[in-house]
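The next block holds one structure in the form of structure tokens; read it before the comments.
What follows is calculated from the coordinates using simple rules that are stated; it is not laboratory data. Note that the structure is predicted; figures quoted are calculated from it, not measured. No Cβ is skipped: glycine too gets one built from the backbone with ideal geometry, and neighbour counts run over all protein chains shown.
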Amino acid sequence: MNLNFTIIWSAKLKLLAITLLMLVNWQQGFGQSRMVSGTITAEGEPLPGASVLVKGKSQGTVSDIDGVFRLELTSSGETTLLVSFIGFISKEVIISPNQTTVNVELEVDLSDMDEFVVVGYGTKRRDNITGAISETGERAIAGKPLTNAYQALQGEVPGLVIQQGTSEPGSLPEINIRGLSTMSGNSPLIVVDGVIGSLNNVNPNDIENVSVLKDAASAAIYGSRAANGVILITTKGGKEGKPKFSYNGQFGVQQPTNFPKIADSWEYATLRNEALVNSRMNPVFTPEQILGFKENGPNVSHYEALFKDQAIQSNHNLSVSGSEKGLNYMMSLGYMDQESLFHGPGYGHQRYNVRINLDKQVNDKLKVGGRISLARNDIKGHAWWTEWLIEPTVRMPPIYNIVDANGNYTLSSGSNGNPLAQLEQGGARKNQNDEVLVNLSLEYEPIENLLIKGVIGGNTTSNLTHEFRRAISYAYPGGGNNQNSVANQYGRSLYLNPYITASYKLNIAEKHDFDFLLGVSSESFKNEFFGVSGLDVPGNEFGVIDNVSEILQSGTYGSGNEWGIQSFFGRAGYRYEDKYLLEGNLRVDGSSRFTSANRWGVFPSVSGGWVISREDFFAPVEEVVSFAKLRASWGQLGNQDIGSLYGHQSLVNMGSNVYAFGGVGVPGAFYSVSNPNRTWETSTMSNIGMDLGFFQRKLNVSFDLFDNLTRDILLQLPVPAAYGLGQPIQNAGVVRNRGWEISVDYGFKTGAVDHSVILNLSDSQNEVVDLRGREFINGSDVQTILREGYPMNSYFALRSDGFFNSQEQIAGSPTPIFTNSVQPGDIRYVDRNNDGVINYEEDRFVLGHAFPRYTFGVTYATSFKGFDFSIFIQGVGERSQWVRGEIIEAFHNNNEGPVFKRHLDRWTPENLDASYPRLTVGAESVNNAARSDFYIFNAQYLRIKNVQLGYTLPSTLVSKIGLGQARLYVTGFNLLTFSPLMDIGLDPETYGGAGSNGRVYPVSRVISTGIDINF
């Protein structure tokens, strides 16, 4: 992207520079003074945020949104001003004794186009990067109504897959880099300001930069922690000048985006009768009743009745930052409040953030720094489980009211509970989660270019849960939920990550550049937790554990665990004329999760790059192709996140019913299953990529191909029964994961209007290479398989082949052996082995999987004279979702309901081209409820993720009220989603069990307004 355009546009959006407008007249001289003013431009356009300093002094200011600056000089004599901006050639301007105005034109510094990128334990110029690294930053965060930092990254970085399947307060998404490579967990490593941590509690407004390390060359410096990629988070610091105060606030309204469309009451009654008749039973609704439903309803969606039409969400952030006299500082306060869409007393999530970032340049050789952040999450929700509450409401027919005319909660369709009553009167579960993250650093440069850095970092967490589930008194007989209970849980953890690095840079003959890094690191983690629960608090009030009548032995527990890693690492890099690039990394890790014989793992990587555009032969095309670099990498990474911390050794376990004497269970002890030979999973990664810049880098394109082969994946393989202790975990599996990524950004102007387009697209596909000849089938209603030659956790089911339309077709087709009745209108299945019968053992196919493919994101942004507009679209090009249960099946499990609008297009003798089979209940439904691809749906989607319109008030106006800058904006988040799965009432990002049964708090749409103020 053209650097001039990028900087101007981003500066206008973020409005960082004009916050220092308060520096005008900031210093009074002791002698005669005068005011100098002018305009700073670049390529004919105003340049906001340019620095104007009096040479040799700390006195200065910056240009405002219109490029205008004003500076009071304390000297009446000749003065030299130094005018600068990142990405432009600095210029010295001499001001004569009587001069009061000056205009300055800065030129783009093409040599500075390779800005710095955050990498492991340091930074590098972008042009010198040889690994696969993607970046994003404040642009991805600004103005979005976020409840966690993960949401800001979705769709912004190629290869980074984030699935936010619910908007329930306190929920967190699934996150993955470049697909699935192991069966032992695929979550990436998160590093915040150089210390390993998490994104869960980071205030999005504090984030300045995000680097995603995706291949072995970029991630090998983190060794065994980096097999699934690394996300580096850098929080904000101060900018040169006096203190800058900033406030940004948002206020928005959440709305549920999608519910299944229920049939009207009369439609339900009609289809209920039809299903009963098809199942050789008598209809239950008379024509008069059906007519009454048609005229009077009630047409109640019990599922929707659990939720409010809207709920409030707000964010407030206040910060002060600056840098002067060697002290760089940033301090911030943040508050996020997300009300729950569930009905109930005060449900929601509040997060409080405090951050202090300090760096002090003590002298030319010594620099000290500190980072401390505190986060508290208060989450209040219902005392039940969301899936339990939603399940009966989806099954409930629309003919019943959830509350009667007298305001009493109903007990309909044989139910002994009412989910709305459970929400409003059934008590609450409160979570109070605290995290403190500390990072203290010292940098010492004993000689030029040798930097020694020591860091002591870590975090501690404290998590308290209190649940008081109240008894509910129903006005109708047969009600349950009539016993109250109390449960308390507490857990705390301590993680420490001290490390020391020494780096050295060497230049020989101005052509040969070397850089070296050596380091040693230690990690330790300790966790402990306990819980207690009891029943029957007298009076159904004051729900504390001391008031219960009975302590439950099964609900009383406590435990703890700990692990550690010792690491040594190094990196060496060589560049010749910034044209030929070579780098090597080596990390040695020792983990407590393995025996001493297998404890240490060695993880190397090597990468190279060729900046073709710096060759002499490239000169004829450099006007069109401004930059071209070819890069390649190879390396190995380990994985120690293998579930069991102590599976390498046998542990003594105690139990209450271990042995039986005389038919009575007695307590005893037994050894746990173990495998002392287990060791690291190892991923061998290869990557080849190319970076291109066109038309003075107004258009930039990056492309990567990658191949990841993971060996020694831990599996539980069968052992002889004589072993007696079950199946130990063994290093046995091999998985290959391949894919590609492309990213494009383009900046251009049409007249006075700036435009920017950013696009990324990526894909990955894994394949199980070796399982020692075994297969693993998992699940019940939804079954997946691990089979050599196919993606991990592929769906495994029968293949449907339309509907039977006549008895003749039934007689001439293979017979399902899992049902006693097949009739016209039922689903027909493919006989895979052609033996004349349909059964699960022989006729199932491998039928797709749930992991997203072809993930993409597109951002368009434009600005004109203070107005700015942006739209962000993201989605998935290919994904399958197997859906089962009441969300998809009419009269599921012989219930009275549900019936949805889509069931109206059911098979009848007059509707042979239907989308749903004939309606049945009970045993007649067995054939159509079989596990088959009839219930596997296309879950691809395109979502208009964020639309934002803003206006920056003129500086001449805001300066009159003492402000440096003010921007107002309106934002729409999750505005529209286009997906075949939406027709079912499911969000296409929903994953896991909730994705297959639909028992999920919906994804919410947020419409918000906001203001950014700097002063």
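A few remarks follow.
- Within the shell defined by Cβ-Cβ distances under 9 Å, the residues around ASN928 carry a net charge of -2, with Lys and Arg each +1 and Asp and Glu each -1.
- In this simple spin-label model, placing a label point 7 Å from the Cα along the Cα-to-Cβ direction at both LYS360 and VAL544 gives a separation of 4.4 nm.
- The antiparallel fraction among DSSP beta bridges confined to the chain stands at about 95%.
- Relative contact order for region 641-794, counting Cα pairs under 8 Å that sit 6 or more residues apart, in percent: 15
- Net dipole in debye of the chain [+1 Lys, Arg Cβ; -1 Asp, Glu Cβ; about Cα centre; nearest 20]: 1680
- Computed over the chain, the per-residue total of -39500 (n - 2.57) for DSSP H runs of n ≥ 4 gives a 222 nm mean residue ellipticity of -2000 deg cm²/dmol, rounded to 500.
- Two-site FRET efficiency, ALA471 against PHE869, from Cβ-Cβ distance with R₀ of 45 Å, rounded to 0.05: 0.25
- Of all DSSP beta bridges in region 116-242, antiparallel share, percent nearest 5: 85
- Relative contact order computed over the chain (Cα-Cα under 8 Å; 6+ residues apart), in percent: 12
- Principal-axis tilt of helix 265-278 within the chain, Cα atoms, nearest 10 degrees: 50
- The angle between the Cα long axis of helix 386-395 and the longest principal axis of the Cα atoms of the chain comes to about 50 degrees, rounded to the nearest 10.
- Summary of the geometry: region 632-693 and region 235-307, compared by the centres of their Cα atoms, lie 43 Å apart.
- For the chain, the longest principal axis of the Cα atoms and the long axis of helix 3-14 meet at an angle of about 60 degrees.
- Backbone N atoms of region 493-516 closer than 13 Å to the 7 Å Cα→Cβ label point of TYR444 belong to residues 501-502.
- Relative contact order (%) - region 365-424, alpha-carbon pairs under 8 angstrom, separation at least six: 30
- DSSP-assigned coil residues among GluC sites (Glu not before Pro) in region 846-926, each with at most 11 further Cβ atoms within 10 Å: GLU910
- Virtual spin-label span in nm between SER559 and SER171, 7 Å along Cα→Cβ: 2.7
- Inter-site label distance for VAL970 and PHE516 at 7 Å from Cα along Cβ, in nm: 6.2
- For the chain, with +1 on Lys and Arg beta carbons and -1 on Asp and Glu, the positive-most of GLY194, SER764, ILE312 along the dipole: GLY194
- Global geometry of the chain, whether rounded, prolate or oblate, following the gyration tensor of its Cα atoms and the 1.5 cut on a/c: prolate
- Here region 478-534 is assigned +1 on the Cβ of each Lys and Arg and -1 on the Cβ of each Asp and Glu. Its dipole about the Cα centre then comes out at about 200 debye.
- Among the GluC sites (Glu not before Pro) within region 439-498, those in coil by DSSP and having at most 16 neighbouring Cβ atoms inside 10 Å are GLU448.
- Using a cut-off of 23 Å between Cα atoms, the listed pairs LYS698/LYS865; LYS244/LYS945; LYS236/LYS629; LYS749/LYS865; LYS214/LYS526; LYS57/LYS242 include LYS244/LYS945; LYS236/LYS629; LYS214/LYS526 as exceeding that distance.
- What separates the Cα centres of region 177-193 and region 321-338 is a distance of 30 Å.
- Anisotropy class of region 116-242 from Cα gyration tensor, a/c 1.5 cut: oblate
- Each Lys and Arg Cβ is given +1 and each Asp and Glu Cβ -1; about its Cα centre, region 543-639 then shows a dipole of about 380 debye.
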